[in-house]
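Some notes on the structure that comes next.
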Amino acid sequence: MIETRLLHYFLAIAREQNITKAAETLHVTQSTLSKQMMDLERQLGKQLLIRGNRSVTLTEEGMFLRKQAQEIMELVDKTESAFTAGDEIVGGDIYLGCAETPAMEQITKVFQSIHADYPGIRFNIFSGDAASVFEKLDKGLLDVGILQEPAIYDRFEYTALPFKDVFGLLMPRDCQLAEKEAVTLDDLDGLPLIFSQQTHHGPSRIEWFGARYDRFHIVATYNLLYNATHLVEQGIGCAFCLDGLADTKSRNLTFRPLDPPLEVDIVAVTKKYQPFSPAAKVFMERIV
């Protein structure tokens, strides 16, 4: 069994890319750290580090271990935090995975109310797409995921939240479509489009697009919107996205909703049978 102490040492070396510097941050001698890493390599039967004169690099096995070790240490920290919080909720950590959603404005008001009552509670927010949030939920690295109407998986529970997101098209202000109040499915024919990599996920989106999705002229895809907004400003395409995510006041951008409207529910996703820390329980009680 690998000791978490060795994983902590290994991650320090991976971060510093130098055994001497890693030893300094860990407050151990260089020889001790080198010996510990050689012991770890012998235990795993794999070379993890390529040792150079001035730096070390990770082998393929080392890169795999780094990813696994990061997740293990995150889980250890999360578990320790839950126990240190104690029965009386005076502190502790809440681990949230959030997709891009304007509903975060309302959700942060929940953060504010929790912080006012329990200033010792700390929020750890991971931003990513639904796939990465589900992966971390499944591994126990997150308490709750905040997502838009995701695909339903049996091993998760879904709690509807009192928020909705509105889909539409982000375009340059001087775009001809900007003269319209709303965008129809016919307007998208032949138009260069920029889609989220998860646009066609979710029952309401499948129903709205129908079979026409496969015929769209998609020039780019994105997983988080910010970089895609620059493509829109340069006239490369119009981005299918949520209202309220892009800065349409100070930039050459404007947003038009869809007709008929396409709205999606926001849900809190948790892993089935996963016990909550006291801090996470407070969040779930206040968010619904």
query: Within the stretch 1-107, which helices (runs of 4 or more DSSP H) (wholly inside it) include 1 or more residues that are closer than 22 Å to Val144 by Cα?
result: 60-85
- request: Answer yes or no: is there a residue in the stretch 249-258 that is at pLDDT 95 or above, part of a loop (DSSP other than H, G, I, E, B) and either in contact with an Asp or Glu (Cβ under 9 Å, 6 or more places away or on another chain) or not hydroxyl-bearing (Ser, Thr, Tyr) (or both).
  value: yes
query: Just checking, how many residues over the stretch 57-95 are among the aliphatic types (A, V, I, L, M), at pLDDT 90 or above and outside the structural domain of Pro278 (by TED's automatic domain parsing)?
result: 3
message: With the requirement that a residue be surrounded by 20 or more Cβ atoms within 10 Å (Cβ to Cβ) and either in the same structural domain as Ala220 (by TED's automatic domain parsing) or assigned to a loop (DSSP other than H, G, I, E, B) (or both), what does the stretch 270-286 give you?
response: Ser277
message: Kindly evaluate Gly62 against the criterion of being surrounded by fewer than 16 Cβ atoms within 10 Å (Cβ to Cβ) and in contact with a helix residue (DSSP H, G or I) (Cβ under 9 Å, 6 or more places away or on another chain).
response: no
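Residues in the stretch 137-151: is at least one surrounded by fewer than 19 Cβ atoms within 10 Å (Cβ to Cβ) and without any contact (Cβ under 8 Å) to a residue 12 or more places away in the chain?
Within the stretch 137-151 (the criterion being surrounded by fewer than 19 Cβ atoms within 10 Å (Cβ to Cβ) and without any contact (Cβ under 8 Å) to a residue 12 or more places away in the chain), the answer is no, since none of the residues qualifies.
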- line: Exactly one of Cys98, Cys175 is at pLDDT 90 or above, within 24 Å of Leu258 (Cβ to Cβ) and in contact with a helix residue (DSSP H, G or I) (Cβ under 8 Å, 6 or more places away or on another chain), and that residue is Cys98
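The values are calculated or read from the model by the stated rules, or taken from the named source; none is laboratory data. What you are looking at is a predicted structure, and each value in this text was computed from that prediction instead of being measured. Here the Cβ is made from the backbone with ideal geometry for all residues, glycine too, and neighbour counts use every protein chain on show.
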